[in-house]
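Enquirer: First the structure, then my questions, so here it is.
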Amino acid sequence: MRELLKEMIEEHQISAIEAAALEEAEASGRSTALTSEAEVLQWLAKEFDLEYTDLDEVEPDRQLMSLFPARVLLKYEILPLRRVNGSVHMATSRLFETQGMDTIKTMTGEALTPALAPSEAIRREIKKRLGVGADTLDTLDEESVLQVVDEGDNDDVDLDEAAQDASIIRFVNQVLADAINLRATDIHLEPFEDEMRIRYRIDGVLQDVPVPASLKKYQPAIVSRMKILSHLDIAEKRLPQDGRIKIRVEHSEVDVRVSVIPMLYGEAVVLRLLRQDQAKLGLDNLLIGQRELELFREVLGLPHGIMLVTGPTGSGKTTTLYAALSEINDSERKIITIEDPIEYHLKGINQIQVSEKAGLTFARGLRAILRHDPDVVLIGEIRDAETAEISVQASLTGHLVFSTLHTNDAPGALTRLVDMGIEPYLVASSLEAVLAQRLVRVLCKRCKAVDESSKAQAIRPEIGLEADQPLYRTVGCETCRETGYTGRRGVFEFMTMSDDVRQLLLASRSSGEIRKIAAGEGMCSLSEDGWRVVREGATTVDEVLRVTKAENRAMRKHV
């Protein structure tokens, strides 16, 4: 307890006199040891006859909050709660830090009454109520250091100068840092008639981000700052533009892909965040099923052939292929990749970035790669017939080729290649395996709870749960931003090219018929592998149904 009290004294949350009294009470047996900030604050609230709140059930008055400067509330971590008998109750964790309350009282003339609350809860609620960068925009509003521009044809406005204002720079940096901290993969800045909305894609789902009400006024300057960072033309507001930003956060690099598109009420910006140093490579980290893992490693041991990974955008295909390459990356093999973009830097592997502007396409790059005597080739994506044809020829001439394809399932990859113009006999002789995958969100370990509802009991036999295996549901807490999920993992459908599958392909049979044969040979569908993840207690039935096409439609009525 002594270390806790020492930290709280330094933060002005408790005085040295009160800390000594609390230690004395503990030593004499008049009080039990207090082990957390919240417990000490509760003790202080009783001692000084003050209100204590954990802010879970408190809904701060938004109109009341607008009376106080955002930068002061953020600096001193003070949250207005409600007005009672002419006095405003202010949540604080720093009872003995009087400067903040005095500053607010002087600026507003309001009578203030302190109420104690944990510091983390106050920071969370302030961010939720005020939004990202509230202190920065608050400073802009007061000092008027920025010339606000409209979306009309005003040629007299220096947009470049506005975008380079220190406050706009700071606001954009705050948004980027906040998104990275929350594990977002994309940032969406969307202009509407009376607001500018910011959303983050976290664990594959878009989530609204609280922003200050005044954000709309600075929309053009914020967009221009994004353009400056990504080396785009800030004067061009009629055509789409694409660029990139490279930033460093805590010794790790983040590659940001920027897309700007003109919309009805201004330009919309989407930023794709690619973390260079966060890939946990290796097949074991994919948490793939045992059968699929063994088959995957068999394919990696082949001298030649093609392996495809299929799925929609953002389903983790590239991460899976990087994991495969890391398994076979040694001094005896030469591995070359051609990608757009290069998402992770892999030591010991030669990586090529596609550049459409310079004329370096997948097909042209692949031809050049084959002259560099590679053993293994990774093609970021088979987008056209030319790339597909060269890939097949590369596999037939002794190369192990990995690539991705956009199909809904594994059997669909065979018919897609044929539709692209590749002869069935070439597909049958070159393709070795297809892995389809999706990403399901993982239950938050801190708040997940056993689902004992009647719906849960009805679904248990359908997904193969044993009597002693629990089925979990989402709850929601601070850690998971009330979503019930933190992080994602894959569900997989692994199909190998058996003789029977090859015969069906040569006979131009449908992907449905190929699926039946593959299932009879042991292939698990995406939903079946999803039930494996549910049985492990890692996700929910609803989440598996969200990302897969459940074959058993009757199951939907239970959830």
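Laboratory data are not the source of any read-out in this text; all were calculated from the coordinates shown. Quick caveat: nothing in here was measured; it's all calculated off a predicted structure. Glycine gets a Cβ as well: all are built from the backbone with ideal geometry, and neighbour counts include every protein chain shown.
Enquirer: Give me Rg over Rh for the stretch 1-130, both radii from the alpha carbons and Rh done the Kirkwood way, two decimal places.
Expert: Rounded to two decimals, Rg/Rh equals 0.99.
Enquirer: By average Cβ neighbour count within 10 Å, what is the ranking of 505-514, 112-121, 376-385 from highest down?
Expert: Ranking, from highest mean packing down: 376-385, 112-121, 505-514.
Enquirer: Which distance in Å, rounded to a whole number, links the C-alpha centroids of the stretch 288-338 and the stretch 516-546?
Expert: 21 Å
Enquirer: Take the alpha carbon atoms of the stretch 48-100, find their center, do the same for the stretch 397-457, and report the distance between the two centers in whole angstrom.
Expert: First find each Cα centre; the distance between them is then 52 Å.
Enquirer: Provide the descending list of Cα extents for the chain along its principal axes, expressed in whole angstroms.
Expert: Sorted from largest, the Cα extents of the chain read 84, 71, 48 Å.
Enquirer: First obtain the Kirkwood hydrodynamic radius of the stretch 14-85 from its Cα pairs, then insert it into the Stokes-Einstein equation at 25 °C and 0.890 mPa s, and state the resulting D in µm² per second as a whole number.
Expert: 168 µm²/s
Enquirer: Could you tell me which Cys residues in the chain have no other cysteine's Cβ under 4.7 Å from their own Cβ, answering none if every one has a partner?
Expert: Result for the chain is 524, no neighbouring Cys Cβ within the cutoff.
Enquirer: Could you sort the peptides 310-320, 178-188, 365-375 by per-residue average Cβ neighbour count (10 Å cutoff), highest mean leading?
Expert: Highest mean packing first, the order is 310-320, 178-188, 365-375.
Enquirer: Rounded to the nearest 500, what is the 222 nm mean residue ellipticity of the chain from helices alone, with -39500 (n - 2.57) per DSSP H run of 4+ residues and division by all residues?
Expert: Using -39500 (n - 2.57) per qualifying helix, the result is -11000 deg cm²/dmol.
Enquirer: With unit charges on the beta carbons (Lys and Arg positive, Asp and Glu negative) and the dipole taken about the Cα centre of the chain, which residue among 66, 531, 477 sits farthest to the positive side?
Expert: 531
Enquirer: Please express the Cα-Cα pair-distance distribution P(r) of the stretch 346-489 as a list of whole percents, one per 10 Å bin, running from 0 to the bin with the greatest distance.
Expert: Taking all Cα pairs of the stretch 346-489, the binned fractions are 9, 27, 21, 16, 20, 7, 0 percent.
Enquirer: Using the Cα centre as the reference, give the magnitude of the dipole from point charges on the C-beta atoms of the chain (Lys, Arg: +1; Asp, Glu: -1; all else neutral), rounded to the nearest 20 debye.
Expert: Rounded to the nearest 20 debye, it is 1440 debye.
Enquirer: Another question, if that's okay. Distance from a point 7 Å along Cα→Cβ of residue 105 to each backbone N in the stretch 47-87: keep the residues under 14 Å and list them by number.
Expert: Residues 87 fall inside that zone.
Enquirer: For the stretch 198-240, take every pair of Cα atoms, bin their distances at 5 Å starting from 0, and report each bin as a whole percent.
Expert: 5, 18, 18, 19, 20, 17, 2
Enquirer: Using the membrane-span-like helix rule (whole DSSP H runs, Cα extent along the own axis of at least 20 Å, mean Kyte-Doolittle hydropathy at least -1.0), which helices of the chain qualify?
Expert: 166-181
Enquirer: Only four residue types carry charge here, +1 at the Cβ of Lys and Arg and -1 at the Cβ of Asp and Glu. Report the dipole size of the stretch 211-292 about the Cα centre in Debye, rounded to the nearest 20.
Expert: For this selection, approximately 320 debye.
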